[in-house]
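Scroll down for the structure; my scribbles are underneath it.
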Amino acid sequence: WRTAEQKEHEEAQLQLVFSLMAVADELALDGLTRLCEARLLLHLRCSTVGTLLRAAEEFRCTALQQCCLVFLKRNRQRWHLVGELQELSNELRREVEVARQSL
(Lines give C-alpha, C1' and ligand atoms only; values in the text may rest on other atoms or scores of the structure.)
Protein backbone atom coordinates (compact mmCIF):
# COMPACT_ATOMS: atom_id res chain seq x y z
CA TRP A 1 0.00 0.00 0.00
CA ARG A 2 1.12 3.49 -0.75
CA THR A 3 0.60 6.54 1.43
CA ALA A 4 -1.30 9.61 0.25
CA GLU A 5 2.02 11.44 0.00
CA GLN A 6 3.47 8.70 -2.23
CA LYS A 7 0.40 8.79 -4.46
CA GLU A 8 0.63 12.58 -4.71
CA HIS A 9 4.32 12.35 -5.62
CA GLU A 10 3.59 9.74 -8.28
CA GLU A 11 0.83 11.89 -9.77
CA ALA A 12 3.23 14.84 -9.97
CA GLN A 13 5.82 12.65 -11.72
CA LEU A 14 3.22 11.40 -14.19
CA GLN A 15 2.10 14.94 -14.97
CA LEU A 16 5.69 15.99 -15.60
CA VAL A 17 6.25 13.08 -17.99
CA PHE A 18 2.95 13.84 -19.78
CA SER A 19 4.09 17.44 -20.23
CA LEU A 20 7.41 16.26 -21.67
CA MET A 21 5.55 13.90 -24.01
CA ALA A 22 3.42 16.78 -25.27
CA VAL A 23 6.57 18.77 -26.07
CA ALA A 24 8.21 15.73 -27.67
CA ASP A 25 5.10 15.16 -29.77
CA GLU A 26 4.90 18.80 -30.83
CA LEU A 27 8.57 18.90 -31.82
CA ALA A 28 8.65 15.35 -33.25
CA LEU A 29 11.37 14.25 -30.81
CA ASP A 30 10.98 10.49 -31.05
CA GLY A 31 13.88 9.76 -28.72
CA LEU A 32 12.34 11.83 -25.95
CA THR A 33 8.99 10.15 -26.52
CA ARG A 34 10.61 6.72 -26.10
CA LEU A 35 12.33 7.87 -22.88
CA CYS A 36 8.99 9.13 -21.57
CA GLU A 37 7.33 5.82 -22.47
CA ALA A 38 10.00 3.95 -20.54
CA ARG A 39 9.51 6.21 -17.53
CA LEU A 40 5.74 5.75 -17.63
CA LEU A 41 6.13 1.98 -17.63
CA LEU A 42 7.70 2.28 -14.17
CA HIS A 43 4.31 3.56 -12.99
CA LEU A 44 2.18 0.83 -14.55
CA ARG A 45 -0.24 -0.52 -11.95
CA CYS A 46 -3.98 -1.06 -11.58
CA SER A 47 -4.49 2.51 -10.40
CA THR A 48 -2.68 4.06 -13.39
CA VAL A 49 -3.36 1.73 -16.31
CA GLY A 50 -6.34 3.74 -17.56
CA THR A 51 -4.41 7.00 -17.47
CA LEU A 52 -1.44 5.40 -19.22
CA LEU A 53 -3.68 3.91 -21.91
CA ARG A 54 -5.13 7.36 -22.61
CA ALA A 55 -1.62 8.83 -22.84
CA ALA A 56 -0.48 5.99 -25.11
CA GLU A 57 -3.37 6.69 -27.42
CA GLU A 58 -2.97 10.46 -27.35
CA PHE A 59 0.76 10.35 -28.10
CA ARG A 60 0.64 7.28 -30.38
CA CYS A 61 2.92 5.22 -28.13
CA THR A 62 2.36 1.68 -29.35
CA ALA A 63 4.87 0.08 -26.97
CA LEU A 64 3.20 1.68 -23.94
CA GLN A 65 -0.22 0.72 -25.25
CA GLN A 66 0.80 -2.91 -25.76
CA CYS A 67 2.35 -3.09 -22.28
CA CYS A 68 -0.86 -1.72 -20.78
CA LEU A 69 -2.94 -4.29 -22.66
CA VAL A 70 -0.70 -7.14 -21.50
CA PHE A 71 -0.92 -5.78 -17.95
CA LEU A 72 -4.71 -5.76 -18.22
CA LYS A 73 -4.74 -9.36 -19.37
CA ARG A 74 -2.59 -10.44 -16.45
CA ASN A 75 -4.44 -8.39 -13.85
CA ARG A 76 -8.00 -8.51 -15.13
CA GLN A 77 -9.41 -9.39 -11.72
CA ARG A 78 -7.78 -6.43 -10.00
CA TRP A 79 -8.49 -3.37 -12.12
CA HIS A 80 -11.41 -1.13 -12.83
CA LEU A 81 -11.51 1.55 -15.49
CA VAL A 82 -14.75 3.14 -14.38
CA GLY A 83 -15.42 6.05 -16.70
CA GLU A 84 -11.93 5.98 -18.18
CA LEU A 85 -12.94 3.79 -21.11
CA GLN A 86 -15.22 6.55 -22.36
CA GLU A 87 -12.18 8.68 -23.10
CA LEU A 88 -10.50 6.05 -25.29
CA SER A 89 -11.12 5.62 -28.99
CA ASN A 90 -13.58 2.92 -30.03
CA GLU A 91 -10.73 0.82 -31.41
CA LEU A 92 -8.71 0.92 -28.20
CA ARG A 93 -11.85 0.34 -26.13
CA ARG A 94 -12.42 -2.87 -28.12
CA GLU A 95 -8.79 -3.94 -27.48
CA VAL A 96 -9.28 -3.35 -23.76
CA GLU A 97 -12.43 -5.50 -23.81
CA VAL A 98 -10.55 -8.28 -25.58
CA ALA A 99 -7.80 -8.04 -22.96
CA ARG A 100 -10.40 -8.11 -20.23
CA GLN A 101 -11.94 -11.33 -21.59
CA SER A 102 -8.75 -13.17 -22.55
CA LEU A 103 -6.63 -15.60 -20.55
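The values are calculated or read from the model by the stated rules, or taken from the named source; none is laboratory data. Quantities reported herein were computed from a predicted structural model and do not represent experimental measurements. A quick note on method: Cβ atoms are made from the backbone with ideal geometry, for glycine too, and the neighbour counts reach across all protein chains shown. Surface areas here come from the heavy atoms of the whole protein model, side chains and all, with no ligands, DNA or RNA. Shrake-Rupley method; radii C 1.70, N 1.55, O 1.52, S 1.80 Å.
Key figures for this structure:
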| quantity | calculated |
| --- | --- |
| Residues of region 26-53 satisfying the condition of being open to solvent by 60 Å² or more (accessible area, probe 1.4 Å) and charged (D, E, K, R) | 26, 30, 34, 39, 45 |
| Residue within region 68-85 that is at pLDDT below 85, of a type in the set (S, T, N, Q) and within 11 Å of the chain's Cα centre (by Cα) present | no |
| Positions within region 8-30 being assigned to a helix (DSSP H, G or I) and small (Gly, Ala, Ser), in sequence order | 12, 19, 22, 24 |
| Any pair with Cβ under 8 angstrom, 6 or more apart, that starts in region 3-19 at a residue that is farther than 16 Å from residue 42 by Cα and ends at one that is in a helix (DSSP H, G or I) | none |
| Unique residue being at pLDDT below 95 and under 12 Å from the mean Cα position of the chain (by Cα) when the list is 100, 60, 94 | 60 |
| Filtered residue count, region 58-70, keeping only those that are open to solvent by 50 Å² or more (accessible area, probe 1.4 Å) and within 18 Å of residue 100 (Cα to Cα) | 3 |
